[in-house]
Amino acid sequence: MARKVFTADEIRQSVQEENVQFLRLMFTDINGMIKNVEVPVSQLEKVLSNKVTMDGSSIDGFVRIEESDMLLYPDLSTYLIFPWGNDHGRVARFICSVHLSDGTPFAGDPRNNLIRQVDIMKQSGYTSFNIGPEPEFFLFKLDENGQPTTKLNDKGSYFDFAPLDLGENCRRDIVLELEKMGFEVEASHHEVAPGQHEIDFKYADALEAADNIQTFKLVVKTIARKHGLYATFMPKPLHGINGSGMHINMSLFNQQGNVFYDEDGEEKLSDTAMHFLAGLLTHARALTAINNPIVNSYKRLVPGFEAPVYIAWSGHNRSPLIRVPSARGLSTRLELRSVDPAANPYLAIAAILAAGLDGVREGLQPEEAVDRNIYRMRPSERKENHIQDLPSTLHNALKALEDDDVVIASMGDHLFQSFMDSKSMEWMAYRQQVGDWERDQYLELY
């Protein structure tokens with residue numbers, strides 16, 4: 001879906017005609033959390049002239065208190081009026097990039113970082129990096145105080161329908177709201193686990209796709225609340241059932257079209273596609289720290305629950321890390337299946353793009369495709385086929401990231417250091433916890 005490019009005058013007119021009373025200036029912190037500054041519509045001119053300030057020292061991964069004044073630069077193409085009502089008038093939003101007080105783009109803003117990575121891509125002769133995400137989420141009941149529980153609202157499974165899928169009405173309302181906001185929703189269905197849902201929307205270029213993921217999460221959570229439900233994008237909220245992923249479908253374009261497609265290539269894949277694929281495989285362990293950025297992510301990346309665990313690729317089965325869907329021509333794409341919805345989409349897409357382009361630049365070649373079920377292969381067979389494991393913990397993923405200069409460069413020094421500091425603290429806090437499982441296993445035994 002191509003975003004309309006609004007002029008300042010069109011926005012002024014829309015605000016007046018649509019009774020917009022508040023403007024929400026949204027941006028994203030290093031952990032992928034949506035932040036916003038809301039101002040009354042009387043401040044529209046200040047917004048349009050990039051003069052709204054915010055305190056960067058209060059945002060995770062931004063800056064120290066002595067250098068905290070920052071400016072929000074709205075991307076006018078992201079102007080959008082929220083379709084849900086408000087007693088005090090309607091609310092419109094802009095997605096913003098964060099700038100220093102002198103107007104310089106702030107290196108610690110994940111959105112600025114993705115813009116930088118896309119510029120590097122364009123300098124290599126490519127025009128766009130298209131991303132089609134497949135985000136999954138769970139719907140849980142709220143308690144009498146409006147707090148989330150872990151009680152599921154249905155007993156449905158893959159592609160079920162009412163009465164088993166009691167989240168159907170909520171999911172339909174989410175789809176309707178998304179369509180009002182310009183999303184082209186391609187599919188919506190119940191996923192494998194009870195209470196789990198997926199809504200797929202049309203691909204977009206890298207920056208727009210990351211913006212869309214953030215908007216999608218906001219809409220899902222907002223509409224779920226209206227149904228008395230809580231939507232969570234936590235990768236593995238419940239033991240013993242599938243976790244939530246966010247498969248990333250990707251294709252690279254130049255002026256001539258999709259560079260992953262070659263009518264005369266093996267499997268009709270181009271050399272560029274194979275080099276890009278090899279780059280993803282080569283940097284897969286480091287990418288995991290960004291694509292699976294929380295302790296809980298690694299409860300999903302275990303055998304037996306459809307999430308990939310092994311670094312391999314295939315066009316014919318879904319157990320490897322990367323799948324090549326059967327569509328060809330303009331739809332030729334790679335599907336990275338490890339990413340989960342806790343990932344910061346700006347950081348994840350930038351790192352994926354950098355890893356793939358490194359494969360193209362270096363002329364890397366992937367190992368042979370693995371068209372067997374890897375989960376059923378013995379360790380010795382996986383070793384014979386040069387199949388490595390993904391990191392099994394956040395700690396191991398962070399160690400892999402520290403050793404990968406390409407993925408570090410995809411973040412830049414500021415974001416890399418902030419990310420490592422934040423995630424190392426998260427791992428340390430987790431290590432110090434003693435949980436029920438440990439007490440149940442060991443308290444009486446020892």
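Give the residue that is farthest from Glu198 (Cα to Cα), with candidates limited to residues of region 243-261 that are in contact with a Lys or Arg (Cβ under 8 Å, 6 or more places away or on another chain) and open to solvent by 20 Å² or more (accessible area, probe 1.4 Å).
Among those that are in contact with a Lys or Arg (Cβ under 8 Å, 6 or more places away or on another chain) and open to solvent by 20 Å² or more (accessible area, probe 1.4 Å), it is Tyr261.
With the requirement that a residue be touching a Leu at 6+ places or on another chain (Cβ under 7 Å) and either at positive phi or of a type outside the set (Gly, Ala, Ser) (or both), what does region 333-346 give you?
Leu334, Leu336, Arg337, Tyr346
Given the structure, is Asn153 buried (at least 17 other Cβ atoms within 10 Å of the Cβ), modelled with pLDDT under 90 and over 18 Å from the mean Cα position of the chain (by Cα)?
Answer is yes for this residue.
The values are calculated or read from the model by the stated rules, or taken from the named source; none is laboratory data. It should be emphasised that the depicted structure is a prediction, and the values quoted were computed from it without experimental measurement. Cβ coordinates were reconstructed from backbone atoms using ideal geometry, including for glycine residues, and neighbour counts include every protein chain displayed. Just the protein is used for accessible areas: all its heavy atoms, side chains included, with ligands, DNA and RNA removed. Shrake-Rupley method; radii C 1.70, N 1.55, O 1.52, S 1.80 Å.
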